[in-house]
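What follows is one structure encoded as structure tokens, with my remarks underneath.
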Amino acid sequence: MQSSINRDGFLPPDPDELVAEGELPFADAADESARDKADQSLHHLQRELKLLHARIALLRADAEAALKAKATSLDANAHVQLGDYPWLKLAIATGAAFVVARAIRNLPFGVLLGAFAGHVSQARRW
């Protein structure tokens with residue numbers, strides 16, 4: 001005769017206690033087949049995918065609106081600071097700075113140093 005105590009020293013659980021209330025005691029007694037469970041899982045995943053697509057579309061729309069608002073804000077700031085035709089004025093200023101830099105590079109260094117020394121000596125006399 002075998003003992004009902006297992007090797008850990010505990011009594012084995014009662015089979016009736018292993019079955020939760022509302023569960024069927026045998027695996028083959030289930031109402032749903034594996035195919036039905038797979039179909040439900042597929043339907044659930046498809047619904048999740050649709051929700052994710054909708055969230056991505058909302059995020060894209062929000063990002064687009066934010067970029068448009070930022071561009072409008074930058075344009076308004078440029079008009080406030082530079083008046084009418086701000087981009088034309090910026091282009092002219094950039095071009096003028098380029099021309100002046102080229103002209104300064106082409107001058108001999110001695111002429112520049114002499115002009116600067118003359119300017120310093122004039123400033124000391126005042």
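The values are calculated or read from the model by the stated rules, or taken from the named source; none is laboratory data. Since we're looking at a predicted model, the values are computed, not measured. Cβ atoms come from the backbone with ideal geometry, glycine included; neighbour counts cover every protein chain shown. When the accessible area is computed, the model is the full protein with side chains, heavy atoms only, and any ligands, DNA or RNA have been set aside. Shrake-Rupley method; radii C 1.70, N 1.55, O 1.52, S 1.80 Å.
A few remarks follow.
- Taken as a whole, the condition of being in a helix (DSSP H, G or I), open to solvent by 60 Å² or more (accessible area, probe 1.4 Å) and modelled with pLDDT of 90 or more does not apply to LEU90.
- Of all residue pairs spaced 6 or more apart or on separate chains, those with beta-carbon atoms under 8 Å, a first member in the range 72-91 that is among the aromatic types (Phe, Trp, Tyr) and a second member that is at pLDDT below 85 are TRP87/ALA78.
- Subset of the range 65-87 (residues that are open to solvent by 100 Å² or more (accessible area, probe 1.4 Å) and of a type in the set (Asp, Glu)): ASP84
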